[in-house]
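First the structure, in the form of structure tokens, and then the observations on it.
Values quoted throughout were computed directly from the atomic coordinates according to the rules given, and no laboratory measurement underlies them. Because the structure is predicted, anything quoted here is derived from the model rather than measured. When we count neighbours, we look across all protein chains shown, and the Cβ atoms used for this are built from the backbone with ideal geometry, even at glycine.
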Amino acid sequence: MKSFKLLSAMCFLPFLVIASDDVCDQQASKKAFSKCAACHSVNEGGPTLLGPNLFDVVGRKSASVKGFPYSPALNEYNKIWTEQELHTFLEKPMKVVPGTMMAFGGLRKVSDRNAVICFLKKNSNK
């Protein structure tokens, strides 16, 4: 019975790491996003920097910013940037999408990934 409870808990674990909007700390999320801001803007109509603009990225198809020269690897990734997908990608981008041009080691801490996703959600029309 104990192993069943542990297995049940492990099945739901990936969904427990996503922070809800009501626990989102805007200051902490802005600070966490600062690691991304060197390459990505997040303002509506903002510029494309080294990476594509991330305004409204949550729920958007990957590699879909018009005119941005994505790597063949990211063009083939063909995912929707759900919160869970972003968590997976942000932890180890180059492992999740081998061949991506995004030369970033990732965000190891779940809290950092939560904060970045919180910031992205707050900077969207959704």
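Odds and ends about this structure:
- With a simple spin-label model that places each label point 7 Å from the Cα along the Cα-to-Cβ direction, the separation between Ser124 and Asn75 comes to 2.5 nm.
- With a threshold of 19 Å on the Cα-Cα distance, the over-threshold entries among Lys61/Lys109; Lys31/Lys121; Lys30/Lys61; Lys35/Lys109; Lys35/Lys92 are Lys61/Lys109; Lys30/Lys61.
- When you count the other C-beta atoms within 10 angstrom of each residue and take the mean per peptide, 82-92, 63-73 line up highest first as 82-92, 63-73.
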